[in-house]
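The values are calculated or read from the model by the stated rules, or taken from the named source; none is laboratory data. From a predicted model like this one, the values you see are computed outputs, not experimental measurements. Using ideal geometry, Cβ is built from the backbone for each residue, glycine included, and neighbour counts are taken over all protein chains shown. Ligands, DNA and RNA are stripped out before the accessible areas are found, and what is left, the full protein with its side chains, is counted by its heavy atoms. Shrake-Rupley method; radii C 1.70, N 1.55, O 1.52, S 1.80 Å.
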Amino acid sequence: MDTKELLKKVRKIEIKTRRLSDNIFGGEYHSTFKGRGMTFSEVRQYQFGDDVRSIDWNVTARYNEPFVKVFEEERELTMMLMVDVSGSEHFGSNNQFKKEIITEISATLAFSALQNNDKVGVVLFTDEVELFIPPKKGKTHVLRIIRELLEFQPKSTKTNIAEALKYVSNVMKKKAIIFVLSDFIADDYEKTLKIIGNKHDVTGIRIYDEREETIPNLGMVQMQDAETGAIKLVNTQSKKVRTAYSNFYKEQVNYFTNTFTKSGCGVLSSRVDESYVKKLLGYFKRRA
């Protein structure tokens, strides 16, 4: 797309997602994530009603009377958006690609962080990290992120979630709020997710299309794998073929849900024709 068209699209997404973050998600984001990061401030003498779990036993032993640790809320947090830009995101059967919904959700989250004066960074990934934008504050920075989400052309079409998680784990030294946005048609990322989930506040947002769940009976159909480019003639009349595909898809979804849950991470799924606004809001409220 040319510069004029790109700016028009950026502006359109800004108007829609900024309104959502200002009117709906700003307060929910704040109550969900603010206060989750706590930094040590000082020790003081124990007072009636203090939580005994806050007692600093070393200082207590030294002075022979109870002292407690005092923590304060980290005023500035960092959000990292990990966005899957592989070939399978360019699929959609309801006049909208998965990629478009992922872009809108990313922009909404970024503006919510902006409203709370937090930093936002982005990692665009396929089977490798294609682009890393370090966390920064400001509207100009968020608009740059939206531009990249709209026009970035990845070198690869494949997916490797584990590789992207490993990269973020290495570059993010302080605790961050991490959103992984993908269709999660991938596996073998459980070990890496467990490591990053122990250090950061991670949420997986799965965006999918209803046409991916089952194959309709359409006779002999030529299909192309969006990630490998392989073309295959598939007999969709065969119940065995349709069942095998349906089982494979369910396995992928179950792997995503179970892996994120076991790793102590948040899970959210939204179909392209559903309201991601309701899904996000519900998730924030449950978390808060």
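Structure data summary
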{"quantity": "Selected residue (only one of THR259, THR243 is touching a residue at least 40 places away in the same chain (Cβ under 8 Å) and more than 25 Å from SER112 (Cα to Cα))", "calculated": "THR259"}
{"quantity": "Given (1) among the aliphatic types (A, V, I, L, M); (2) surrounded by 22 or more Cβ atoms within 10 Å (Cβ to Cβ); (3) over 20 Å from SER270 (Cβ atoms), index of the condition ILE161 fails", "calculated": "(3)"}
{"quantity": "Odd one out for THR203 among (1) in contact with a strand residue (DSSP E or B) (Cβ under 6 Å, 6 or more places away or on another chain); (2) closer than 18 Å to SER86 by Cβ; (3) open to solvent by less than 70 Å² (accessible area, probe 1.4 Å)", "calculated": "(2)"}
{"quantity": "Candidates SER270, SER275, filtered to the one that is under 18 Å from the mean Cα position of the chain (by Cα) and either among the charged types (D, E, K, R) or open to solvent by 30 Å² or more (accessible area, probe 1.4 Å) (or both)", "calculated": "SER275"}
{"quantity": "Members of segment 135-158 that are under 15 Å from the mean Cα position of the chain (by Cα) and open to solvent by 40 Å² or more (accessible area, probe 1.4 Å)", "calculated": "none"}
{"quantity": "Residues being in contact (Cβ under 8 Å) with a residue 40 or more places away in the chain and at positive phi - total across segment 171-197", "calculated": "1"}
{"quantity": "Top-ranked residue of segment 226-263 - restricted to ones that are in a loop (DSSP other than H, G, I, E, B) and open to solvent by less than 70 Å² (accessible area, probe 1.4 Å), ranked as nearest to LEU280 (Cα to Cα)", "calculated": "SER263"}
{"quantity": "When residues of segment 175-198 are limited to those that are among the charged types (D, E, K, R) and touching a Ser or Thr at 6+ places or on another chain (Cβ under 7 Å), the one surrounded by the most Cβ atoms within 10 Å (Cβ to Cβ)", "calculated": "ASP183"}
{"quantity": "In segment 107-134, residue most open to solvent (accessible area, probe 1.4 Å) [restricted to those that are modelled with pLDDT of 95 or more and assigned to a loop (DSSP other than H, G, I, E, B)]", "calculated": "GLU128"}
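Per-residue answers, yes or no, for (1) out of contact with any helix residue (DSSP H, G or I) (no Cβ under 9 Å at 6 or more places or on another chain); (2) among the aromatic types (Phe, Trp, Tyr); (3) under 26 Å from ALA162 (Cα atoms):
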{"residue": "GLU212", "(1), (2), (3)": "no, no, yes"}
{"residue": "MET223", "(1), (2), (3)": "yes, no, no"}
{"residue": "THR228", "(1), (2), (3)": "no, no, yes"}
{"residue": "ARG242", "(1), (2), (3)": "yes, no, no"}
{"residue": "SER246", "(1), (2), (3)": "yes, no, yes"}
{"residue": "LYS250", "(1), (2), (3)": "yes, no, yes"}
{"residue": "THR257", "(1), (2), (3)": "yes, no, yes"}
